[in-house]
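One structure is given below, encoded as structure tokens.
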Amino acid sequence: MRFGLCLMLSFAACSSKLDKGFAVAVTVDRDRLAQSDLNAITRLVIRVSNAETWDNTADGYPVGAQFKSGPARWLYRPAPATTGTLDFDVSVETDAHEVVAAGKASALLDPGKTVEVTVVLSKPGTDDLGVGDMSNSVKQVGESCVAGVDKCTTGKCVDKFCCDSDCTGTCQTCALPGAEGTCSPVAAGQSPNHGNCPIKSANDSVNPCQTDGKCDGAGNCELWPAGTPASARTCTSGVETPPDVCDGKGGKSTPPSIICTPFKCNTSSCFGPPCADNSVCSGTNTCDASGSCGSLPNGRVCTADNQCTNGHCIDGVCCESTCSGQCQACDDPLQLGKCVPVTGTPHNASKRGACTGNGVNGCGGKCDGTNVAACIYPATSKPCVSPSCSNNMGAAGANCDGAGSCNIPSAVTCPSGTNAAGICVGTRCGLACEMANFANCSGDVGTGCETNTSTDNHNCGSCGNDCTAKGQTCMSGTCMCAGGFKPCGNTCVPAASCCSPSDCSCTATAAGTDSDCVARNRGRDYGFTCGGNVCSPTVSFSNPKYANCEAVCGINKMCCPSK
């Protein structure tokens with residue numbers, strides 16, 4: 001891992017000092033702290049968890065006057081993690097290791113890129129991610145936001161939602177219904193979301209079959225679909241020349257010519273049934289009572305079976321067979337009259353039937369060019385919508401139903417009892433709507449439905465394990481004291497302090513009892529100990545700071561360093 005720390009008012013100047021690449025740029029926002037709190041801060045402690053773990057609790061980053069006038073910004077380079085989510089727990093402390101303020105935020109790693117995340121510091125008890133007031137917290141992915149006003153954990157407010165990526169592509173959106181917060185492609189055939197797709201004529205003489213002004217459903221501008229005419233149709237001397245057709249890939253193909261016999265050429269195509277008289281018939285052919293100049297070969301336009309030589313008028317042309325499969329067709333412009341497999345939407349859907357389902361979020365069926373009998377649908381294992389939570393309304397995720405539909409669950413107001421969405425904490429949205437490490441703690445202290453047991457102070461690691469009752473904080477599913485502190489009953493004390501007589505190196509005297517050891521050994525925080533009831537080394541009391549210190553360990557006194 002590599003780290004860089006920058007403490008200054010100018011983010012631009014700060015950014016120039018931190019080289020980028022694959023990293024997380026973490027901004028620590030201290031704007032909500034009072035000046036008196038800022039004056040007490042001397043060090044910044046960072047803990048990283050989830051996809052990988054790291055902390056600097058032993059030493060911390062020293063911070064001085066510059067942090068009191070502007071935010072801190074630092075660069076974290078993950079190793080070994082290359083994907084996943086990193087959770088950042090940040091606290092600022094006094095020189096006695098007392099926590100002044102803390103905050104949490106999460107970042108989704110993007111291989112090869114630097115992602116931004118902001119941690120907002122708040123006083124203990126005012127921004128408890130387990131159950132406290134969330135009004136000052138950074139908004140999570142999927143929550144609604146106002147660009148330039150609200151702060152998102154990813155630093156990206158796109159399309160009025162906190163988004164998991166920049167999502168700036170012309171045919172990308174972070175507001176897809178049911179997938180808010182996830183950068184998704186705009187649906188095929190819809191207008192672009194950011195900017196415009198150029199509209200170019202399909203029969204452009206220089207670059208035919210290019211973009212048609214719509215999106216293709218895969219995040220790109222759509223090319224003119226296969227089969228779109230790319231030139232004019234003509235008919236001369238009994239031979240019809242069909243138009244070139246787009247191939248759906250930005251190119252075009254030329255269909256074979258059509259012999260008009262037993263009909264003649266019309267203005268740009270062959271005449272066809274029904275005929276009114278012999279004037280439209282070719283050669284010696286005549287218009288009979290059925291309205292035809294004669295039987296039509298495969299590939300000719302028709303309206304009834306009896307007009308075709310082989311008796312099959314399918315998809316509007318004479319066909320070589322009955323060609324009845326849902327994903328077959330006889331009107332492929334490059335192979336008129338031949339029954340061939342198709343890809344995409346079924347041809348002549350009014351008779352063959354369209355693929356079923358609502359087709360939402362990639363669940364729609366299509367012809368795959370191989371199975372001619374029926375449309376193929378995504379499996380039920382394919383996710384089509386992620387769990388979401390916005391404005392304290394949560395909804396569970398869903399998979400495709402295997403029949404062409406994504407049935408998006410309705411959002412419910414938090415709390416919702418045994419909420420399967422796993423996205424509520426108490427009466428509000430929780431912790432980036434993650435699914436990992438969630439448990440159903442409905443009815444337990446501080447929560448109304450599912451909670452992230454890796455960070456919930458009231459359900460840490462398991463339901464009901466309340467860290468606050470021990471004066472501790474939930475970190476990665478374990479109740480822990482802040483850096484430089486250790487558990488002592490239902491509170492946290494400096495790591496060098498005595499928590500019980502057995503921790504003390506001094507011996508109780510007639511002037512005190514074992515219960516005094518805690519007080520008498522506070523001097524350890526300054527590098528001094530009580531040994532044989534005498535402070536070592538010698539203490540100077542000229543500084544008022546040491547008014548409660550004494551050279552001899554006694555009741556409610558402690559060893560202190562010399563001036």
Query raised in the report: Right, GLU240: farther than 30 Å from GLY272 by Cα and not in a loop (DSSP other than H, G, I, E, B) or not?
Result: no
**Report entry** Unmet requirement for LYS351, which otherwise passes all of (1) part of a loop (DSSP other than H, G, I, E, B); (2) without any contact (Cβ under 8 Å) to a residue 12 or more places away in the chain
**Finding:** (1)
Report task. Test PRO262 against the stated conditions and say whether it is surrounded by 14 or more Cβ atoms within 10 Å (Cβ to Cβ), within 47 Å of the chain's Cα centre (by Cα) and either in contact (Cβ under 8 Å) with a residue 40 or more places away in the chain or farther than 30 Å from HIS194 by Cβ (or both). Result -> no
Report summary line: Within region 91-108, residues among the aliphatic types (A, V, I, L, M) and part of a loop (DSSP other than H, G, I, E, B) come out as ALA96
Query raised in the report: Say we look at region 364-380 and pick out the residues that are part of a loop (DSSP other than H, G, I, E, B) and closer than 20 Å to SER324 by Cβ; which of these is nearest to the chain's Cα centre (by Cα)?
Result: GLY365
Report summary line: Cβ pairs under 7 Å, 6+ apart or interchain, first in region 291-307 and over 16 Å from SER321 (Cβ atoms), second part of a helix (DSSP H, G or I), ordered by first then second residue, are SER292/GLN307; CYS293/VAL280
Report task. From GLY181, GLY213, GLY169, grab the single residue that is touching a strand residue (DSSP E or B) at 6+ places or on another chain (Cβ under 6 Å) and either assigned to a loop (DSSP other than H, G, I, E, B) or aromatic (Phe, Trp, Tyr) (or both). Result -> GLY181
Query raised in the report: Which of the residues that make up region 329-349 are of a type in the set (A, V, I, L, M) and crowded, with 21+ Cβ neighbours inside 10 Å?
Result: ALA329, LEU336, VAL342
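Read the figures in this text as sums done on the coordinates, not as results from a lab. Treat the numbers as computed from the prediction; the structure is a model and nothing was measured. All Cβ positions, glycine included, derive from the backbone under ideal geometry; neighbour counts span all protein chains shown.
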